[in-house]
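The values are calculated or read from the model by the stated rules, or taken from the named source; none is laboratory data. All figures in this text were calculated on a predicted structure; none of them were measured in a lab. Cβ atoms come from the backbone with ideal geometry, glycine included; neighbour counts cover every protein chain shown. We work out accessible area using only protein heavy atoms, side chains counted, and drop any ligands, DNA or RNA first. Shrake-Rupley method; radii C 1.70, N 1.55, O 1.52, S 1.80 Å.
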Amino acid sequence: MRRHAAARGVAGAGVRAPVVARKRVKRPWSEGAQEGGCAMDRRPEANPPIVPPMAQQGGEAAARRLRWAWAEPGVWTDRMLAALEDGVRGGVWFRLADKTWDPRNLSAAWQRVRGNKGAAGVDHVSVGRFDEQAERNLHQLHEDLRRDEYRPQAIRRVEIPKPGSDQKRPLGIPTVRDRVAQAAVLHVLEPIFERDFAPHSYGFRPGRGCKDALRRVDELLKEGYSHVVDIDIKSYFDTIPHRQLLGRVRAKVADGRVLRLVEAFLTAGVMHGLEQWTPTQGAPQGAVLSPLLSNIYLDELDHLMAARGFQMVRYADDLVVLCRGEGESEQALEQVRQWAARAGLTLHPEKTRVVDTRSDGFEFLGYRFEQGTRRPREKSLRKLKDAIRAKTRRCQGGTLASIIQDVNRTLRGWFGYFKHSHRWTFESLDGWVRMRLRSILRRRQKKPGRGRGSDHQRWPNAFFAARGLFMLTPAHAAASQSARR
């Protein structure tokens with residue numbers, strides 16, 4: 001009877017009933033706790049159970065909701081979350097389209113897009129302009145999705161500078177309306193795939209980030225993994241094969257309307273200046289759904305490397321494999337090469353290499369790991385200095401206090417990410433920033449040249465500290481001391 005009741009409950013949630021219950025796995029980023037039941041439900045008896053059965057069910061639901069607190073509640077009800085954890089028949093989800101156009105989901109999707117702000121698309125409708133008639137716009141999007149009449153507009157393509165490089169990175173900007181539709185689809189699909197993503201994948205996942213990936217790399221290096229396979233997938237986001245990507249989505253989603261939406265997002269036209277074309281591969285960087293799709297495509301590699309016993313750490317398309325020796329690292333590289341060839345991807349011939357960390361270093365997520373130390377890579381340092389230079393030109397207007405306040409915003413944000421670098425990184429940067437400020441003061445006294453020599457006595461370090469300049473060296477010392485407690 002219980003099996004039949006569960007089947008009816010899950011079917012009502014829009015999915016097929018589970019055949020085999022799976023062991024629940026606690027996610028490392030959140031934990032739940034059971035709650036007690038109501039005392040009025042308990043019968044007076046000599047040895048009453050510690051927790052009544054109904055209270056256990058309520059406690060499990062509360063714990064499950066905590067584990068999936070990031071999932072959109074307008075889509076993922078308690079019943080659907082139970083089906084998600086227990087597993088659905090054949091591992092494939094049906095009847096999801098109505099969740100995409102649910103007004104609660106569209107409203108949450110709009111809040112997400114509005115919070116991220118961003119530029120206007122090809123229709124020149126900004127987030128602010130969309131917001132002026134948000135209720136009307138969302139209702140129209142709801143009707144178009146419900147009637148299967150929704151069609152995404154072209155994506156506006158721009159090129160932005162790569163940090164520390166003369167090269168450009170293509171960025172795709174969908175219209176605000178299309179970003180809302182993509183966010184609604186993301187709310188539906190993300191938990192389905194997140195459930196089975198590998199633990200060594202850290203990019204664009206709930207409760208995970210760059211620092212978690214960097215921490216894992218540091219742990220493995222300290223455990224004696226001396227060789228690193230530094231892998232670069234050439235133009236990954238622009239070269240993902242659509243057919244194979246959609247095949248991976250179909251492996252878990254059988255709702256034809258949702259699949260058509262995903263395909264429509266991938267094949268939406270691209271406008272770059274006066275040029276326009278229809279892409280046959282790739283997921284545009286800048287689109288709301290692209291990070292999830294990129295993780296879906298690389299998930300097969302994640303599980304393949306784990307099954308082979310390799311220690312891979314991946315953040316989106318940035319990945320390294322840590323090994324204990326040269327032979328193991330060559331085997332790992334060959335495994336990745338074979339998989340990439342099957343997946344229709346290309347490894348960069350110059351940037352993909354095997355590194356012996358005892359004599360060489362490697363870069364990962366903005367850091368350079370070398371001889372047991374970490375420091376910002378050269379590109380990251382150049383990016384910081386370029387930002388500071390723009391705020392500390394010798395002819396810079398405004399008061400010194402306003403300049404320091406502006407500089408502090410950049411320094412604090414940069415330090416928040418790179419505070420785990422070696423201490424000498426910060427000493428040299430502090431001196432360089434003060435030199436820039438002294439040069440401004442020299443100019444205001446009609447003196448040429450940069451701030452140096454006797455300027456250190458005229459405007460000592462304490463002078464800038466008294467005016468609130470954010471100093472990296474003492475901030476690093478304080479962070480290190482706090483970490484040791």
- Note on the structure: Dimensionless Rg/Rh of region 232-299, both radii on Cα and Rh by Kirkwood, sits at 0.97
- Where does helix 326-343 land angle-wise versus the long Cα axis of the chain, in degrees 0 to 90, nearest 10? 60
- Note on the structure: Most packed first (mean Cβ within 10 Å per residue), the peptides 312-319, 393-400, 374-381 order as 312-319, 374-381, 393-400
- Could you give the angle, 0 to 90 degrees to the nearest 10, between helix 424-444's Cα long axis and the longest principal axis of the Cα atoms of the chain? 60
- Query: What are the ³J(HN,Hα) values, in whole Hz, obtained from phi via the Karplus relation 6.51 cos²θ - 1.76 cosθ + 1.60 with θ = phi - 60°, for each residue of region 67-81 in sequence order, with x given for Gly and Pro?
  - Reply: 4, 10, 4, 7, 5, 5, x, x, 10, 9, 6, 4, 5, 5, 5
- FRET efficiency, Leu221 to Ala465 (Cβ-Cβ, R0 41 Å, nearest 0.05): 0.70
- Note on the structure: Scaled by the rule-of-thumb 2.2 N^0.38 Å, the alpha carbon Rg for the chain gives a ratio of 1.16
- Note on the structure: Under 5 Å from the placed amide H of Gln311, counting only residues 5+ away or on other chains, we find Leu322
- Task: Using the Karplus curve 6.51 cos²θ - 1.76 cosθ + 1.60 with θ = phi - 60°, work out ³J(HN,Hα) for each residue of region 361-374 in order, rounded to whole Hz, and write x for Gly and Pro.
- Result: x, 9, 10, 8, 6, x, 9, 10, 9, 7, 6, x, 10, 10
- Message: Taking the Cα centre as origin and putting +1 on Lys and Arg beta-carbons and -1 on Asp and Glu beta-carbons, what dipole magnitude results for the chain, to the nearest 20 debye?
- Response: 2100
- Item | the chain, relative contact order [Cα under 8 Å, separation at least 6], % | 13
- Taking a 25 Å limit on the Cα-Cα distance, which of the listed pairs Lys162/Lys419; Lys234/Lys391; Lys117/Lys168 fall beyond it? Lys234/Lys391
- For region 212-319, run through the GluC sites (Glu not before Pro) and keep only the ones in DSSP coil with at most 13 other Cβ atoms within 10 Å of their Cβ. Glu223
- Query: Taking the simple approach of a point 7 Å from Cα along Cα-to-Cβ for both Arg257 and Ala478, what is their distance in nm?
  - Reply: 5.5
- Message: For the chain, what does the accessible surface come to per residue with a 1.4 Å probe? Please give it in Å².
- Response: 52
- C-alpha long axis of helix 290-307 to longest principal axis of the chain, angle in °: 80
- FRET E, pair Ala134, Ser454, Förster distance 60 Å, beta-carbon r, rounded to 0.05: 0.50
- Note on the structure: Using alpha-carbon positions, the gyration tensor of region 151-236 gives root eigenvalues a ≥ b ≥ c; with a/c under 1.5 called rounded, otherwise prolate if a/b exceeds b/c, else oblate, the class is oblate
- Message: I need the GluC sites (Glu not before Pro) found in region 127-181, filtered to DSSP loop residues with at most 12 other beta carbons within 10 Å of theirs.
- Response: Glu149
- Message: Could you work out the relative contact order of region 330-410? I mean the mean sequence separation of Cα pairs under 8 Å and 6+ apart, divided by the number of residues, in percent.
- Response: 14
- Charge dipole of region 283-335 built from unit charges on the beta carbon (Lys, Arg +1; Asp, Glu -1), centred at mean Cα; most positive-end Cα among Gly327, Met305, Ser294 is Ser294
- Query: Roughly speaking, to the nearest percent, how much of the chain's 1.4 Å accessible area is carbon and sulfur?
  - Reply: 49
- Distant-in-sequence amide H partners of Ile240 (H built 1.01 Å from N, under 5 Å): Gly282, Ala283
- Item | Charge sum, other residues only, whose C-beta stays under 13 Å from Gly431's C-beta, Lys/Arg counted +1 and Asp/Glu -1 | +3
- Got a sec? What order do His272, His200 fall in by accessible area at 1.4 Å, biggest, i.e. largest, first? His272, His200
- In whole percent, what relative contact order does region 424-485 give with Cα contacts below 8 Å and a gap of six or more residues? 36
- Note on the structure: The distance between the Cα centres of region 398-445 and region 250-267, in whole Å, is 49
- Taking Rh as the Kirkwood radius computed over alpha-carbon pairs of region 352-485 and applying Stokes-Einstein at 4 °C with viscosity 1.567 mPa s, one gets a diffusion coefficient in µm² s⁻¹ of 80
- Query: Dipole magnitude of region 306-423 about its Cα centre, charges +1 at Lys/Arg Cβ and -1 at Asp/Glu Cβ only, in debye to the nearest 20?
  - Reply: 820
- Task: Scan region 141-233 for trypsin sites (Lys or Arg not before Pro) in coil per DSSP, keeping those whose Cβ has at most 10 other Cβ atoms within 10 Å, and list them by number.
- Result: Arg147
- Message: Using the crude model of +1 on Lys and Arg Cβ and -1 on Asp and Glu Cβ, and no other charge, please compute the dipole size for region 178-290 relative to its Cα centre, in debye to 20.
- Response: 300
- How much net charge surrounds Ala213 when only other residues with a Cβ under 9 Å from its Cβ are counted (Lys, Arg +1; Asp, Glu -1)? +3
